[in-house]
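Engineer: Here it is: the structure, laid out below.
None of the figures in this text is laboratory data; all of them are computed from the coordinates on show. Just so we're clear, the structure is a prediction, and the values are computed from it rather than from any experiment. Reconstructed Cβ throughout: ideal geometry from the backbone, glycine too, with neighbour counts over all protein chains shown.
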Amino acid sequence: MNMFRIKLLLVILSGFLLLASCVGRSPATSTAAMDPLAELHSRQLDFKDGRGRFREIFCTVLNDHGGTLPDYKPCEKALIYVDEKLPYSESTVDLGPSGGDYLIGLVPGLAWQCVREWLHEDESGVRHISGYGYDARLLEVDGLSSTKKNAAQLRDYISQLPINERRRPIILIGYSKGAADILEAVTLYPEIRQRVVAVVSIAGAIGGSPLAGETEQSRLNLLSYIPWSGCEIGDEGALESLLPETRREWLERNALPETIRYYSVIAYPEPERVSFGLTSSYRQLKAMGAGNDGQIIFYDQLIPGSTLLAFVNADHWAMSIPVARQMSLNRLTFANKNEFPREALLEAVLRYVEEDLTKKNARSAFRQD
């Protein structure tokens, strides 16, 4: 890539990021000034606490082979330890191949379709977990369209799977807006609902973000005209879909299917783990009295009634987007806190979900007997 293209890419990407803004028991990270768990309880948000077992799994993955993966961090640096008295199962963590026949769909967030080529995404997460027998695929949706349109695209993808794959249980993992797209899909379309066994939110925009009202969709649409962009304007409903009032009204009017299990991973970085490009939006949300990841307030990342897996010490980009991995200049500028063991996190999430679903199926079989 020549220097002119690199410089132009950085200018374009910086503009996009500003628009997007509009098994060991490790020692605990200091959380004296933060207690997101207490705030979740004070808001009477319903969830199950699965952090103890998830920590066992994640730490085991990191300790066993995390050092061979990109952006390694020890467990005590990767997680926010809100409660040191979490129960531990003391159960062995199985690091062998997946025992299920799951089809895993990864749904990206806002404008991913537009910037994917710029970032030279190598799908390292998919390649890593495939080594353990997990069949994961990126389910691309419109980068600039509404949750309603993207939900229909997810329905179409699942409905059009080859005959030999139509009986496979599906796990859907959504990042940022992708999580909201998924919830809308499984709620609106019963033809796919019975095939989805689990939904995971990774820094999901479940309750939207106040930042969605800080810019106009027409400005976001400019991404479709940039060289190397891979997106079209679509129905131009992305930002409206992310308004807090839009998402909360949707949640109030729509009951999530009870046949599906839900899980949430919340990004809740310490201030020093927020990249320079997100510090302005981080402070803006912090001024509202809310902990956040630079894009979404932490309690708006929780799927109602889900199992909470972790508070993660990473900002919104670091949770999913390797902005700095391929280009060192990014790492030295606006994405200077982008390193995070995403591949290890994805593996740990899938191992937790598979273990939980196996227990659920065992209990169901026992009741039938």
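Engineer: Considering amide H positions built from the backbone, and no H for Pro or chain starts, which residues 5 or more places from residue 312, or on another chain, come under 5 Å of its amide H?
Structural biologist: Result for residue 312 returns 80, 266, 267, 268.
Engineer: Sorting check: for 338-346, 38-46, which peptide has the highest mean count of neighbouring beta carbons within 10 Å, and how do the rest follow?
Structural biologist: Highest mean packing first, the order is 338-346, 38-46.
Engineer: I would also like to ask the following. Please report, in cubic angstrom per residue, the volume enclosed by the convex hull of the alpha-carbon atoms of the range 112-196.
Structural biologist: Working: hull volume 8.4 nm³, N = 85.
Normalising the Cα hull of the range 112-196 by residue number yields 99 Å³.
Engineer: Rounded to the nearest 0.05, what FRET efficiency do residue 218 and residue 92 have when you use their Cβ-Cβ distance and R0 = 35 Å?
Structural biologist: Using R0 = 35 Å, I get an efficiency of 0.05.
Engineer: For residue 142, what is the net charge nearby, where nearby means another residue's Cβ is under 15 Å from its Cβ and Lys, Arg count +1, Asp, Glu -1?
Structural biologist: On the way: positive: 116, 148, 149, 155, 177; negative: 140, 156, 181, 184, 232, 235, 236, 240.
Net local charge, residue 142 excluded: -3.
Engineer: Please turn the phi angles of the range 189-200 into ³J(HN,Hα) values with the Karplus equation 6.51 cos²θ - 1.76 cosθ + 1.60 (θ = phi - 60°), one per residue in order, whole Hz, x for glycine and proline.
Structural biologist: In residue order, the calculated couplings are 10, x, 5, 10, 4, 6, 9, 8, 9, 8, 10, 10 Hz.
Engineer: May I ask you to evaluate 6.51 cos²θ - 1.76 cosθ + 1.60, the Karplus curve with θ = phi - 60°, for each residue of the range 171-177 and list the ³J(HN,Hα) values in order in whole Hz, giving x for glycine and proline?
Structural biologist: 10, 10, 10, x, 9, 6, 4
Engineer: Along the Cα-to-Cβ line of residue 232, 7 Å from the Cα, sits a label point; which residues in the range 91-116 have backbone N less than 18 Å from it?
Structural biologist: Under 18 Å, as judged by backbone N against the label point of residue 232, lie 111-116 of the range 91-116.
Engineer: Stretch residue 137-residue 168 to full length: gain in nm at 0.36 nm per residue minus the Cα-Cα span? Each step should come with its number before you reach the end.
Structural biologist: Details: separation 31, 0.36 × 31 = 11.16 nm, distance 1.38 nm.
Extra length from residue 137 to residue 168 when fully extended: 9.8 nm.
Engineer: Still on this structure, I have one more. Quick one: net charge of residue 341's neighbours, Cβ under 10 Å, K/R +1, D/E -1? Please list the in-between numbers first.
Structural biologist: Working: positive: 73, 77, 342; negative: 71, 339, 343, 347.
Here the charged neighbours net out to -1.
Engineer: Could you give the C-alpha radius of gyration of the range 82-144 expressed as a fraction of 2.2 N^0.38 Å, taking N as the number of residues it contains? Don't skip to the end; give the middle numbers.
Structural biologist: Working: Rg = 16.6 Å, N = 63, 2.2 N^0.38 = 10.6 Å.
Scaled against compact globular proteins, the figure is 1.57.
Engineer: While we're looking at this one, here's another question. Tell me, what ³J(HN,Hα) does each residue in the range 253-268 have, in order and in whole Hz, if you take phi through Karplus 6.51 cos²θ - 1.76 cosθ + 1.60 with θ = phi - 60° and put x for Gly and Pro?
Structural biologist: Residue by residue, the range 253-268 yields 8, 10, 7, 5, x, 6, 7, 9, 9, 10, 9, 10, 10, 9, 7, 9 Hz.
Engineer: Taking R0 as 45 Å, what FRET efficiency do you get between residue 283 and residue 160 from their Cβ-Cβ distance, rounded to the nearest 0.05?
Structural biologist: 0.50
Engineer: What is the sum of charges around residue 165, taking Lys and Arg as +1, Asp and Glu as -1, for the other residues whose C-beta is under 13 Å from the C-beta of residue 165?
Structural biologist: +3
Engineer: Here is a follow-up. Write down the radius of gyration of the range 180-309 and its Dmax, each obtained from C-alpha positions, in Å.
Structural biologist: Looking at the range 180-309, its Cα Rg and Dmax stand at 16.0, 45 Å.
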